Structures are given as structure tokens and as C-alpha cells.
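Only the coordinates and a few stated rules stand behind these numbers; no lab work does. Source: prediction; values computed, not measured. Cβ placement follows ideal geometry from the backbone for every residue including glycine, while neighbour counts extend to all protein chains displayed.
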Amino acid sequence: MLTAFFVAARIIANPVSNVFQKQLAGRSANPVFIIGATHALLTLATLPLLLGPVKVALGAEFWANMVLCALLAVAGNVLLVQALKSSDLSVLGPLNAYKAMISLVLGVLLISEIPTAMGLGGVLLILAGSYLVMDREPDQPRRNAFVRFFRERGVQLRFAALGLAATEAVFLKKALLLASPLTTFVWWSILGLPLAGMAMLLLLRKETRKDIILFQHHWRTYLWLALTTGVMQLTTLLTFGKLQVGYSLALFQLSTLISVFLGCHC
């Protein structure tokens, strides 16, 4: 029952988080600043937990996995916001199916999560279904739809982002095997901040004034983004604790339905 609740919360939180990212990107907020602000807010929320149930003394393998996860998360989220800036949410949603396939392969190679024949068949069905719901131009031949779809800049950025996210998911599971979901979530939130900060220094430099002003005007949207991102990541970890990474990400593809709905109404 709890696993079903975690999956349902993750399915809802992900597309809602994307809506807030798209709203901020549509207001000309820089993607790097959006990610940095999100991790800053998550860090403020999770720092008090270091005084309580969260472990600080952990092994070198845990820290190596977490640093890699944070790096992949920041890079993937920057690409995601860029993709949302140039394409509709309803168009990009079906691409999430490829994340399950990538993570399934990486899960076998890196953490020996061997899927059953039925599980593999289910992931392949989701992948096939994503092709059927891809946005197509009605006056163009169907046989060229796949090629034309992947020529879009937003689609290319989203595909790169989900590749990084799928890789992050596997290393996140490796870190989770060495600590609790809450500990992993807290350090994911905190470690993302310095990496996002370095990205801001390298890419934004003196261009942050406009983004700071935007933050002051739209701080509620940033708060909602941090909240939904936190819920999404924590429920992802709680699900990973119960299910294989490939299966988890396959179940999360139900969020595509919500993405299509929100893309049409937001």
C-alpha cells in the first residue's frame, strides 16, 4: 500500500514540478538560476535534519555516488528547463518512456537488477506506446514522423536530459543501498547547491541581477517548485527502496497522462 502511495505521489509531483519550471522559464528566468534557487530552498529546508535522523558519517562509496548524482541532476535539470522553454509539456511528456529503458539497461550493468521477462515486456510496451502518442503534423506522412519529431531542438534537449536522469537514477539507487531514503534525499538536496552555484558562476557571472529581481517577484512559484521537486525526489527514493529502478521509472511514466493534460491547460 505504501509503495503504491509513493508511486502515485511521484506520478503527480513530476509533471506539476515541470509546470512551475516552464512558468519560470517563460518569464525569462535562466535555467541555471532556476536549478540553483531550487537547491538553495531545498537545502534550507533539509539542513535542520542533519541535527536529527540524517547520518553524516558515511563511507567513501556513498559520497562518490552522491556527488555523481548531484552533478547529473544539476546538468539534467538545466537541460530539462531549456527543453521546456522551447517545446510544449504535452509534446515532451511521452519521451519519459525512454528513461525507463535506459535505466533498465544500466541497472543490469551497474547494480545487477535483472528484470523478469514480464517486466521487460511491460517496459517495451510503454516504449512502443510512447511512439503512438508522439505529437505529429496531420498533413505529413506517418513514416517520417519519428525523424521529424527528433529534429526539434526541445526534443533533443529533453532526450539528453532524460539520459542523464536515467543514469542518475541508477547511481542514486547505489547510494540508497548504503543509506536510508531520507539521508540520501537530504544529501542530494545539499550537494546540488554548490554544483549549481559553480554552474551559475561559470555561465551567468554578472547576469544574475535580472534573475534575482524575477525571484523577488515570483518567489511563490519558486517555493512551489522546490516543494514539488522535493516531493518528487523523496518519493522516487522511497520507491527505489521497494522496486527495481527500471520498474520504478516505468511506473512513473503514468505521469505522461498528467503532462499531456497540464500541457493543454497551463
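At-a-glance table
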| read-out | value |
| --- | --- |
| The range 96-118 residues near the modelled residue 178 label - backbone nitrogen below 20 Å, point 7 Å along Cα→Cβ | 106-113 |
| Calculated FRET value between residue 2 and residue 61, using beta carbons and R₀ = 22 Å, to 0.05 | 0.20 |
| Entries in 22/55; 55/210; 173/210; 55/99 that, when Cα-Cα distance is taken, lie over 32 Å | 22/55; 55/210; 173/210 |
| Unit charges at the beta carbon, dipole of the range 168-238: most positive-side option, 175, 200, 187 | 200 |
